[in-house]
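Structure in structure tokens, see below.
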Amino acid sequence: VIKLAREYQISCVRITVEPLAAGLGLFQLSRSNWPGVTKQFMLARALSTLASWQKKKLEGAGLCWPDRFYGLSQTGFLDAHALNRILRSLPEGSSEMICHPGYVDRALLATRTRLRSQRETELAALTQPGLKSLIAELGIELIDYGNLAAARSGTEEFMKRKEESPSVQEVARK
């Protein structure tokens, strides 16, 4: 990752270290699928642990990443209620949320994935009425990875880059 980041002048990367509380909340929301939720939660904990071991190397290489990461535990279980819960619990700083929205079509049905109908559930969560209002009400600002380094340093470069880039991959709380 470090070699590629240097080669392609990438300053910020994804670190999948998810707060423990983010996954624990899922048990309250998905009481009907304890085995699936438990399996995903354990996978998320393992990946979070492995990713945390890489932080020193990435920091030493001068790379940055969002302060927090969400969605790993919710993979396959993210719906409007879970999304709203994540958004309402975001602390100050930058946070990334991963999800897999989409439509079930022939191409998706031909792939080996457990995330089929769930993609449409996640799409519905991300396009739910009132979501933009909730984001504004909570003081959340949507930015992309290109703006992350500038947002973290609080520079004027952030405002310039924000105007130039319409994509949304990163969530930063004001």
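Return a yes/no flag: does the range 128-139 have any residue that is over 27 Å from L20 (Cβ atoms) and of a type in the set (A, V, I, L, M, F, W, C). Explain how you work it out, then say what you get.
Residues of the range 128-139 that are over 27 Å from L20 (Cβ atoms), as a first pass: 129-130, 132-133, 136.
Now drop any that are not of a type in the set (A, V, I, L, M, F, W, C), which leaves 136.
Yes, the conditions are met somewhere in the range 128-139.
Could you list, in sequence order, the residues of the range 75-99 that are surrounded by 15 or more Cβ atoms within 10 Å (Cβ to Cβ), of a type outside the set (V, I, T) and not in a helix (DSSP H, G or I)?
Correct list: G76, F77, L78, D79, L90, S94, S95, E96, M97, C99.
Going by the conditions given, is R112 under 14 Å from the mean Cα position of the chain (by Cα) and open to solvent by 80 Å² or more (accessible area, probe 1.4 Å)? I'd like the intermediate steps shown before the answer.
Details: under 14 Å from the mean Cα position of the chain (by Cα): no; open to solvent by 80 Å² or more (accessible area, probe 1.4 Å): yes.
Here the answer is no, as R112 does not meet what is asked.
A further question follows. Are any residues in the range 119-144 in contact (Cβ under 8 Å) with a residue 40 or more places away in the chain and open to solvent by 30 Å² or more (accessible area, probe 1.4 Å), and if so, which ones?
Matches in the range 119-144: T121, A124, L126, Q128, L138.
With G71, G60, G93, G130 as the choices, which residue is touching a Lys or Arg at 6+ places or on another chain (Cβ under 9 Å) and of a type in the set (G, A, S)? Quick ask: steps written out before the conclusion?
Values: G71 fails: touching a Lys or Arg at 6+ places or on another chain (Cβ under 9 Å); G60 fails: touching a Lys or Arg at 6+ places or on another chain (Cβ under 9 Å); G130 fails: touching a Lys or Arg at 6+ places or on another chain (Cβ under 9 Å).
Among G71, G60, G93, G130, only G93 is touching a Lys or Arg at 6+ places or on another chain (Cβ under 9 Å) and of a type in the set (G, A, S).
Right, another one. Return the residues of the range 123-174 that are at pLDDT below 70 and of a type in the set (V, I, T); say none if nothing qualifies.
Within the range 123-174, the subset at pLDDT below 70 is 152-174.
Passing the criteria: T155, V168, V171.
The values are calculated or read from the model by the stated rules, or taken from the named source; none is laboratory data. Values in this document were obtained by computation on a predicted structure and should not be read as measured data. A quick note on method: Cβ atoms are made from the backbone with ideal geometry, for glycine too, and the neighbour counts reach across all protein chains shown. Ligands, DNA and RNA are excluded from the accessible area calculation, which covers all protein heavy atoms including side chains. Shrake-Rupley method; radii C 1.70, N 1.55, O 1.52, S 1.80 Å.
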